[in-house]
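**Q** Here it is, the structure, as structure tokens.
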Amino acid sequence: LQPNWLHLPVGYHGRASSVFPTGTPVHRPSGQLQKDKDDQTQGSTFGPSRLMDFELEMAFFVGGPANQAGYRLDISEAKNRIFGFVLMNDWSARDIQKWEYVPLGPFTSKNFATTVSSWIVTTMALEEFTCTTSAKEQTDPLPLEYIQDPSYSSYNINLDVAIMADGMSHGETVCKSNFANLYWNAAQQLVHHSVTGCVMKPGDLLASGTISGSDVAAFGSMLELSWRGSREVPLGTTGQVRKFLKDGDTVIMTGWCEKEGYGRVGFGECSGKILPPVALGEKPLVEGEKDTNTYGGRYKDFKLYSFWKSSSSWRVRIALEAKGIAYENIPIDMVKQENQSDDYVKRNPMSQVPVLEFTDTVNNTCVQLSQSIAIIEFLEESITIGSKLLPVDPVDRAVARQASEIINAGTQPLQNLPFLKKIETMSEGKIQGLKFGASNIRKGLVALEKILATRRAGMANKGPFALGGFCPTVVDICLIPQLYNARYQGA
């Protein structure tokens, strides 16, 4: 028996339950760790993984009718059964893996999370990007006949991995690889998977394994990049370094094909942020159960008084979700003038929504905050969990405030219907309120677009959010409800 045999049930498996879409945060896993790194016979201890890692992979979805049990796929059939590809991060806890993987392979060190990109790029879309593999040919040794591919080839898919540490506004590239670096192509992998007669059904997801090139910069995991932790990997010019991943790190994988005359085919992004480990015995909140968490070490019992048509209310709702704060939403019907009630005016003398109410356990007081930007700044400055709503860099932070104020002060007030009706009344109908509002909203959004485009133009590794990062900020929080109302008013 191997030394770990009596310490844990050794296994190896695949599963779908923890395959997550891009953007889903991942808790650092806890598990059994080898007590003495040089002597397996000393047994194990329990604790959070200290060697958290990403693995740069791609994966494909199987399509077409399932083969009958016992009947294998040949190479031609396999090519027709590959529906399309996604990016994949097959997260790994290397220290848990070291203890458990003998003799069968990793088990709990892999099953906690696998992240995939949201878009499936079909094989038809990739045909024009067919290329040779980095190996060029398979002759030494010659593969067995069942797995030989007469048109042995791959796809020229550029792959990039960036790490965005907590507080950074964008990711810094640590790896650049290519799908063509894989020795076995996808069709060969599918053929071998079915060689025993395994049934391959539509929707089955098969991963490529780590995609590493021969150059150090093309290594597809921190294990390789840091050479088992013996060297540091710099995060650009930030001064930060990594051997393995830290809590708060967001790993961002991107992929694309590009060819003159055919444009660019992108895979979107495959990203996930590492959250601290869940304590042993800690249970998730059950629906209907009162949230007893204290945020920022002192604040709890959050309540949001909001109106469903209010842009400002939606800003705060998005911010609370981004921060991962549980709260009770209390609707205020402004059509019925519930915001004019004596009870509500005590919460906000301006009779406006939203109002965020919570308990400050240090001062033992009930706090009521109004004005969405002030609320968002409070959440950012006092509560460190969840997404960073404001960049750390002073210039980036100022640009974020500038952009959100263009929305908050320069466009949002001009969509207020009572205000627009008042303009019509004061102008004796010479100014049409909706047209006036739409024109000024459009002017503000055009200016905002120019500011953001200028900022993004010089960024090498751009994310999908407004400031060019891979996490939403206060700008996105303000922009989303503003665009909804702008379209509603025909701006």
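The values are calculated or read from the model by the stated rules, or taken from the named source; none is laboratory data. These numbers were taken from a predicted model, which means no experiment stands behind them. Using ideal geometry, Cβ is built from the backbone for each residue, glycine included, and neighbour counts are taken over all protein chains shown. To get the accessible areas, we keep the full protein, side chains included, count just its heavy atoms, and leave off ligands, DNA and RNA. Shrake-Rupley method; radii C 1.70, N 1.55, O 1.52, S 1.80 Å.
**Q** Can you tell me the relative contact order of the chain? Whole percent, Cα pairs under 8 Å, sequence separation 6 or more.
**A** On the way: 946 pairs, mean separation 70.0, N = 491.
Dividing the mean separation by the residue count of the chain yields 14 percent.
**Q** Now, a different point. So what is the 222 nm mean residue ellipticity for the chain from helices alone, if each DSSP H run of at least 4 adds -39500 (n - 2.57) and you divide by all residues, rounding to the nearest 500 deg cm²/dmol? Don't skip to the end; give the middle numbers.
**A** On the way: 12 runs with 125 residues, N = 491.
The helix-only estimate for the chain comes to -7500 deg cm²/dmol at 222 nm.
**Q** Leaving out ligands and nucleic acids, and using a 1.4 Å probe, what accessible area per residue does the chain come to in Å²?
**A** Working: 25310 Å² over 491 residues.
Per residue, the chain has an accessible area of 52 Å².
**Q** Moving to a separate point now. Of the options Thr132, Val26, Ala78, report the single residue whose Cα projects farthest towards the positive end of the charge dipole of the chain (beta-carbon charges: Lys, Arg +1; Asp, Glu -1).
**A** Going by the charge dipole, the pick is Val26.
**Q** What's the magnitude of the charge dipole for region 318-410 around its Cα centre, counting Lys and Arg as +1 and Asp and Glu as -1 at the beta-carbon? Answer in Debye, nearest 20. The partial results should precede the final answer.
**A** Values: 7 positive and 14 negative charges, 22 e Å.
So the dipole magnitude of region 318-410 works out to roughly 100 debye.
**Q** Which of Gly255, Ile375, Val362 sits farthest toward the positive end of the charge dipole of region 248-392, with +1 on the Cβ of Lys and Arg and -1 on the Cβ of Asp and Glu?
**A** Gly255
**Q** Cα-Cα pairs above 23 Å in region 86-189: how many percent?
**A** 50
**Q** While we're here: Would you mind estimating how fast region 109-165 diffuses translationally, via Stokes-Einstein at 25 °C and 0.890 mPa s with the Kirkwood radius over Cα pairs, in µm²/s?
**A** On the way: Rh = 15.0 Å.
So the translational diffusion coefficient is about 163 µm²/s.
**Q** Across the Cα atoms of region 322-459, what radius of gyration and what greatest pairwise Cα-Cα distance (Dmax) are found, in Å?
**A** That works out to 18.7, 56 Å for Rg and Dmax.
**Q** Sort 219-225, 42-48 by the packing proxy (mean of other Cβ within 10 Å over each peptide's residues), most packed first. Let's see the in-between values first.
**A** On the way: 219-225: 22.1, 42-48: 14.3.
Highest mean packing first, the order is 219-225, 42-48.
**Q** Magnitude of the Cβ-charge dipole of the chain, K/R +1 and D/E -1, about the Cα centre, nearest 20 debye? Walk me through the numbers before you get to the answer.
**A** On the way: 48 positive and 52 negative charges, 248 e Å.
Computed about the Cα centre, the dipole is about 1200 debye.
**Q** Right, here's the next one. Which peptide among 333-340, 105-112, 169-176, 84-91 comes first, and what is the full order, when sorted by highest mean count of other Cβ atoms within 10 Å?
**A** Details: 333-340: 12.9, 105-112: 19.5, 169-176: 21.8, 84-91: 23.9.
Per-residue mean Cβ counts within 10 Å order the peptides as 84-91, 169-176, 105-112, 333-340.
**Q** Restricting attention to region 21-63, which trypsin sites (Lys or Arg not before Pro) occupy a DSSP loop and are surrounded by at most 16 other Cβ atoms within 10 Å? If you can, show how the numbers build up before the last one.
**A** Working: sites: Lys35, Lys37, Arg50; in loops: Lys37, Arg50.
Here the sparse-neighbourhood loop sites are Lys37, Arg50.
**Q** Going by accessible area, probe 1.4 Å, with all protein chains left in place, what is the ranking of Trp227, Trp184, largest first? Write down the numbers at each step before the final one.
**A** Numbers: Trp227 145, Trp184 95 Å².
The ordering from most to least exposed comes out as Trp227, Trp184.
**Q** Can you give the Rg to Rh ratio for region 111-269, taking only C-alpha atoms and Rh from Kirkwood? Walk me through the intermediate numbers first.
**A** Values: Rg = 17.7 Å, Rh = 17.8 Å.
In region 111-269, Rg relative to Rh is 1.00.
**Q** First compute the accessible area of the chain with a 1.4 Å probe, then give the percent of it belonging to carbon and sulfur atoms.
**A** Numbers: 13910 of 25310 Å².
Its accessible area is 55 percent carbon and sulfur atoms.
**Q** On alpha-carbon atoms, Rg over Rh for the chain using Kirkwood Rh?
**A** Values: Rg = 26.9 Å, Rh = 26.0 Å.
Expressed as Rg/Rh, it is 1.04.
**Q** Going highest first, how would you order 424-435, 151-162, 387-398, 468-479 by mean Cβ packing within 10 Å?
**A** Details: 424-435: 12.6, 151-162: 20.2, 387-398: 16.8, 468-479: 25.5.
Top of the packing list down: 468-479, 151-162, 387-398, 424-435.
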